[in-house]
Amino acid sequence: MDEVRSTGDVLISRPFPDEIMRYKQAVRNFLNYVVQNSYALDHNDGILNKYKPGFKGRRSTPEAEKRTRHTIIQVIDKKLEDLAAMLISSQIRQMEIVSRLDEIRGLLIDLLQ
């Protein structure tokens, strides 16, 4: 989080391509950390189609043997999730600058082609 804040402050004072890349990498690193340490995925298989109410068809077909797969996202660390939300909300100005600079860079690249 400190890296995101410090690179964001540098970006405001020095909006150069190198600083944009450093800021993007800092945000990417932070978000990867939050996703890896704050959430867990759990996969559950549902019941076979042939056992579901209202199933119309033959019970020996491949369609009858299909299952619905459910994915559950569990929040492991609520405080870490709150910290990420707070950081992102406080960094909106820097993100807008990065977005605008990326847009301008894209337009310049289009001109070169």
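The values are calculated or read from the model by the stated rules, or taken from the named source; none is laboratory data. Since the structure is predicted, the reported quantities are computational estimates derived from the model, not experimental observations. Cβ sites come from the backbone with ideal geometry, for glycine too, and all protein chains shown count toward neighbours.
Some points to look at:
- Counted residues, the range 28-41 - those being in contact with an Asp or Glu (Cβ under 9 Å, 6 or more places away or on another chain) and closer than 16 Å to I92 by Cβ: 1
- Of all residues in the range 20-34, those that are without any contact (Cβ under 8 Å) to a residue 24 or more places away in the chain and surrounded by 12 or more Cβ atoms within 10 Å (Cβ to Cβ) total 5.
- Every listed requirement among (1) at pLDDT 75 or above; (2) surrounded by 12 or more Cβ atoms within 10 Å (Cβ to Cβ); (3) under 16 Å from the mean Cα position of the chain (by Cα) is met by S38 save one, (1).
- Filter result for P62 (within 23 Å of D2 (Cα to Cα) and either out of contact with any Phe, Trp or Tyr (no Cβ under 6 Å at 6 or more places or on another chain) or at pLDDT 75 or above (or both)): no
- A residue that is in contact with a Leu (Cβ under 8 Å, 6 or more places away or on another chain), over 23 Å from K78 (Cβ atoms) and surrounded by 12 or more Cβ atoms within 10 Å (Cβ to Cβ) can be found somewhere in the range 3-19.
- Top-ranked residue of the range 65-113 - restricted to ones that are over 28 Å from H43 (Cβ atoms) and not in a helix (DSSP H, G or I), ranked as modelled with the lowest pLDDT: Q113
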